[in-house]
Amino acid sequence: MANYFQEEIETASREQIEKIQHDGLLDVVKRVYENVPYYRKKMDEAGVKPEDIKELSDITKLPFLTKDDLRDAYPYDLMALPVSECVRIHSTSGTTGRRVVDFYTQNDIDKWEDGCARAICAAGGTKEDVVQVSYGYGLFTGGSGLNGGSHKVGCLTLPMSSGNTDRQLQFMCDFGTTILCCTPSYAAYLAESINERGIKDQIKVKAGIFGAEAWSEEMRHDIEKNLGIKAYDIYGLTEIEGPGVAFECEAQDGMHICEDYFLPEIVDLDTLEPVPDGQIGELVFTSFAKEAFPLIRYRTKDITYITHEKCKCGRTHARIHRLMGRTDDMLIIKGVNVYPSQIEEVLIKQGMPANYQLIVDRVNNSDTMEVNVEMTPEMFSDSVSDIAAKEKEIVAALKSMLGIYAKVKLVEPKSITRSEGKAVRIIDNRKI
């Protein structure tokens, strides 16, 4: 039997959901046009007024918003309410250019936490559970969102933040953690650490809610096997809200979007025209329920597809497939589109750990690609010829997947830096 946090809305009819979205879209367009000069200018340039938006399908008349817009409008120019009505901000890491900041009213936070509570319940969580939140806290949205969602469900919440693996494992054992929330790469690292210490029999975790970075189905199975849990995907992004925008249920067949808060679109990667259900494209969101910082037609850069078919769990909200990569994480190597998730898929199918690094360079005007992959301790004891044979196997598998040659180097166990947050998979040394 499915476990819901807000069953009435999570199982609402398509007509009810679209009525909420219709009313929300008309309201948010009017609000931003009247209160946000930045939006008003963009809409005027596109030749569209609030009264032109009458149906959901009219959303295509509105201009897209991009991360560049958010950086240009930093810090306050996209706010729809005065600072006095806001209670919190969150922000991206700001590794390039200006930071991207999101503002929240208390009502915005309540809705965000409801979405995270839905995700915890969809993963089987109840007030009897102990939830260990090992996402970062502070400006990063991960920790705060799942922390609030866990409180709403009534779980005992361990606000661990990321890092300090020894303490993570101690609390996991001492307090009987049953649901783990962190990035998939950190979950893989925790699983490795648990098995190294021989404490798997002390671990009571039954489910993991993993997000903030793309991960493959193969990596999911790897984590599930090594931790003995069921691993659930969760989706969010700082600009829109944080984790809880969409989440997996027990069917593990796509992530349910909180459609009573967000209006999703999938657009063609080249033309940016809407595409039908099942067709791969870029995910675009309108956060019509946000009060302080609503975004209209925000291009996420995430690649996926959508379905509106009712799920086996009984939820009726549309689902997005697990992310296939990002348009801005995509590497073009020798004219071929390459995503880290493709490399990860090959490595795990080859029986390799998910600890790897992709190094791209340009030599004599030609792109080169090298994949450094950690060996398992068992492999490290193999003969040089066995290791060379395995490298050749992986080279062939990558060539089959990508269509281009990649040099593969098997390196010592633990020689690639472990991640306690988002994994750094790509080093691109090209000067393009």
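Data table
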quantity: Exclusive hit being touching a residue at least 60 places away in the same chain (Cβ under 8 Å), in contact with a strand residue (DSSP E or B) (Cβ under 6 Å, 6 or more places away or on another chain) and in the same structural domain as Ile17 (by TED's automatic domain parsing), set Gly149, Gly136, Gly125; calculated: Gly125
quantity: Helices (runs of 4 or more DSSP H) enclosed by region 325-432 - at least 1 residues per element that are of a type in the set (Val, Ile, Thr); calculated: 340-349, 384-402
quantity: Residues satisfying the stated conditions in region 212-239, i.e. at pLDDT 95 or above and among the hydrophobic types (A, V, I, L, M, F, W, C); calculated: Leu227, Ile229, Ala231, Ile234
quantity: Residue count for region 273-287, restricted to those that are more than 16 Å from the chain's Cα centre (by Cα) and either among the charged types (D, E, K, R) or in a loop (DSSP other than H, G, I, E, B) (or both); calculated: 8
quantity: Leading residue by the ranking (nearest to Arg98 (Cα to Cα)) among those in region 41-80 that are assigned to a loop (DSSP other than H, G, I, E, B) and of a type in the set (Val, Ile, Thr); calculated: Thr66
quantity: Selection within region 43-74 - surrounded by 14 or more Cβ atoms within 10 Å (Cβ to Cβ) and more than 26 Å from Glu18 (Cα to Cα); calculated: Lys67, Asp69, Leu70, Arg71, Ala73, Tyr74
quantity: Residues located in region 209-218, provided they are surrounded by 18 or more Cβ atoms within 10 Å (Cβ to Cβ), touching a residue at least 60 places away in the same chain (Cβ under 8 Å) and outside any loop (DSSP other than H, G, I, E, B); calculated: Ile209
quantity: Residue in region 178-198 that is in a loop (DSSP other than H, G, I, E, B) and in contact with a Lys or Arg (Cβ under 8 Å, 6 or more places away or on another chain) present; calculated: yes
quantity: Residue check for Ile234: in contact (Cβ under 8 Å) with a residue 40 or more places away in the chain, in contact with a Pro (Cβ under 6 Å, 6 or more places away or on another chain) and crowded, with 24+ Cβ neighbours inside 10 Å; calculated: yes
quantity: Failed item in (1) within 30 Å of Leu62 (Cα to Cα); (2) within 20 Å of the chain's Cα centre (by Cα), with Ala354 passing the rest; calculated: (1)
quantity: Residue count for region 105-134, restricted to those that are surrounded by 18 or more Cβ atoms within 10 Å (Cβ to Cβ), basic (Lys, Arg) and under 20 Å from Thr177 (Cα atoms); calculated: 1
quantity: Any chance Thr316 is buried (at least 18 other Cβ atoms within 10 Å of the Cβ), in contact (Cβ under 8 Å) with a residue 40 or more places away in the chain and in contact with a Lys or Arg (Cβ under 9 Å, 6 or more places away or on another chain); calculated: yes
quantity: Those residues of region 334-363 which are among the aromatic types (Phe, Trp, Tyr) and closer than 19 Å to Lys390 by Cα, in sequence order; calculated: Tyr356
quantity: Selected residue [under 27 Å from Asn35 (Cα atoms), among the charged types (D, E, K, R), out of contact with any Leu (no Cβ under 9 Å at 6 or more places or on another chain) and surrounded by fewer than 24 Cβ atoms within 10 Å (Cβ to Cβ)] from Asp270, Asp253, Asp260; calculated: Asp260
quantity: Which numbered condition Ser366 fails, given (1) surrounded by fewer than 20 Cβ atoms within 10 Å (Cβ to Cβ); (2) over 18 Å from Pro413 (Cα atoms); (3) within 24 Å of the chain's Cα centre (by Cα); calculated: (3)
quantity: Residues satisfying the stated conditions in region 196-211, i.e. at pLDDT below 95 and either in contact with a strand residue (DSSP E or B) (Cβ under 7 Å, 6 or more places away or on another chain) or under 18 Å from His221 (Cβ atoms) (or both); calculated: Gly211
quantity: Selection within region 379-421 - polar (S, T, N, Q) and touching a Phe, Trp or Tyr at 6+ places or on another chain (Cβ under 8 Å); calculated: Ser419
quantity: Where Asp222 falls short, out of the listed (1) farther than 21 Å from Lys414 by Cα; (2) among the charged types (D, E, K, R); (3) in contact with a helix residue (DSSP H, G or I) (Cβ under 8 Å, 6 or more places away or on another chain); calculated: (1)
quantity: Scope region 319-355; condition of a type in the set (S, T, N, Q), touching a helix residue (DSSP H, G or I) at 6+ places or on another chain (Cβ under 9 Å) and either under 15 Å from Asp268 (Cα atoms) or buried (at least 20 other Cβ atoms within 10 Å of the Cβ) (or both); matching residues; calculated: Ser341, Asn355
quantity: Pick from region 288-309, criterion part of a loop (DSSP other than H, G, I, E, B) and free of Cβ contacts under 8 Å to residues at least 60 places away in the same chain, ranking: farthest from Leu65 (Cα to Cα); calculated: Glu309
quantity: Subset of region 146-171 that is out of contact with any Lys or Arg (no Cβ under 8 Å at 6 or more places or on another chain) and among the aliphatic types (A, V, I, L, M) - its residue that is nearest to Gly211 (Cα to Cα); calculated: Leu146
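The values are calculated or read from the model by the stated rules, or taken from the named source; none is laboratory data. Every value quoted in this text rests on a predicted model; they were computed, and no experiment measured them. Note that we place each Cβ from the backbone using ideal geometry, even for glycine, and neighbour counts take in every protein chain shown.
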